[in-house]
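The values are calculated or read from the model by the stated rules, or taken from the named source; none is laboratory data. Since the structure is predicted, the reported quantities are computational estimates derived from the model, not experimental observations. Cβ sites come from the backbone with ideal geometry, for glycine too, and all protein chains shown count toward neighbours. Note: areas computed on protein heavy atoms with side chains; ligands, DNA, RNA excluded. Shrake-Rupley method; radii C 1.70, N 1.55, O 1.52, S 1.80 Å.
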Amino acid sequence: MSNNIQSVRGMNDWLPDAAETWQAFEDVVRAWLRRYGYRELRTPILEATPLFKRAIGEVTDIVEKEMYTFVDELNGESLTLRPEGTASAVRAVIQHNLLYDGGKRLWYTGPMFRHERPQKGRYRQFHQVGVEALGFGGPDVDAELIVMCADLWRELGIAPTLQLNTLGDSEARARHRAKLIAYFEQHQDLLDEDGKRRLHSNPLRILDSKNPAMAEINAAAPQLIDEIDAEARAHFDGVQKLLTASGIAFEINPRLVRGLDYYNRTVFEWVTDQLGAQGTVCAGGRYDGLIEQLGGKPNPAAGFAMGVERLLALVEAAGRPVATAVPDAYIVHAGEAAAAFAWQAAAAIRAAGLAVVMHAGGGSFKSQMKKADASRARVALIVGDDEVAAGQMSLKPLRADAPVGTGETQCRVSVTQAISILKQASA
Ligand code: HAM
């Protein structure tokens, strides 16, 4: 074991190849969100701890076991690294009165923190792209959120499947809760430790248990769907009709309860069997009570968040090429006059919007050309004494996708010519 300091367990570095894949994904995501009229919201990574306790629920895995919470020693305030983004989005919407003139469509992205047991697809720092439609109550918005996901999956070349459920409204959940408590009380000896603890505080969470030993008792438990009232049923029917009309396949999963307390009515998860145990790539639903619960004027809302790490793993499993950036040119130079010329040329080429890597650290032409090859640049632009004297550079194609018309061999060009050749190639 080395003594070198390593990254914190469950928190990953993104090396340049992976970071560039992520950037390409983000470009797709930003354009996709713009097409649907969603606007970005940026909130702090740290929030006051009570925000998450009130929003996510005191008796949930996240709040009970997974939050990075600490006391700010300077003022005694309890702070938490955000485990998710919905609570912060709602807090910001209330704080800035964003709904004063009607509903808002918002999105956010960034790191989230949960102290879970790390494994493939499950990290302690992970990233979400979250989408929230606040102030809209109809089933059309639930369907819009789901349809837009399907649209993104198509663009990314992946095909997770959709699971759908309704949690009804608070009265239905209260009736269901009473029946669940009665049922689990009858089978107390079969409950695991978490189950016993949650029996009276949050029996719905027992259904959410990941413990295989609980599967049988959970399978026979009273179902929420039997308690759902007519209005919530009509809402759910509306969502299903719109999805069917949009050609989106779904499976109704009555066991889908989600791990956070704020949901009501529609909940959904996009799942895949290609990533092992951590197969949920995107999840969300309606949370009509949360804005009021956090002190805002009552307003309905719905949204979802996708896990960036899991989605990128799925994109990779689908065999999509990894998008990495390559420079348009690598400038090789030797001698003081050549360096000065190369600096000016690089500035002019960059000003034209092209990507140029300037060789640094000296060395022979041969060793510089090796670096140029390794940079994966399309061409090398070479500047020596001869070139400086002629006010030109030698352009040498390095790859199969080097600019057309330059041929296999080296040719002499002015900086202006180099720019127009490189521009044609990168267009
Ligand atoms: P969530 O189901 O807790 O929902 O997380 C959403 C997604 O984040 C998951 O489906 C998964 O892809 C990813 N994820 C969660 N935990 C981890 C982890 N430890 N490692 C890697 N990926 C993870 C929410 O967070 C809600 N705020 C979603 C929402 C938005 N509902 C309404 N609006």
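Here are the numbers for the structure shown:
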item	result
Proximal charge balance of Ala352 [Cβ under 14 Å; K/R count +1, D/E count -1]	+1
Computed Kirkwood radius, in angstrom, where 1/r is averaged over Cα pairs of the stretch 67-178	17.5
Neighbour net charge for Gly335 - beta-carbon separation under 13 angstrom, K R +1, D E -1	-4
Fraction of accessible area attributable to carbon and sulfur, the stretch 345-422 (%, probe 1.4 Å)	55
Mean ellipticity per residue at 222 nm, deg cm²/dmol - from DSSP H runs of n ≥ 4 across the chain, formula -39500 (n - 2.57)	-11500 deg cm²/dmol
Accessible area in square angstrom per residue, the stretch 329-426, 1.4 angstrom probe	52
Unit charges at the beta carbon, dipole of the stretch 329-426: most positive-side option, Trp343, Phe365, Leu398	Leu398
13 Å beta-carbon shell around Gln240, net charge (K/R +1, D/E -1)	-1
Whole-Å semi-axes of the ellipsoid equivalent to the chain (Cα gyration tensor, √5λ, descending)	53, 23, 21
Set of lysines with alpha-carbon distance to Lys196 below 26 Å, sequence-local pairs under 8 removed	Lys53, Lys65, Lys179, Lys210
Listed peptides 200-211, 293-304 by packing density, highest first (mean Cβ within 10 Å)	293-304, 200-211
Only Lys, Arg (+1) and Asp, Glu (-1) charged, at Cβ; the stretch 329-426 dipole about Cα centre in debye	340
D_trans [Stokes-Einstein, Kirkwood Rh over alpha-carbon pairs] for the stretch 329-426, 25 °C, 0.890 mPa s, µm² s⁻¹	189
Inter-probe distance in nm under a simple model that places probes 7 Å from Cα toward Cβ, at Cys411 and Phe70	6.0
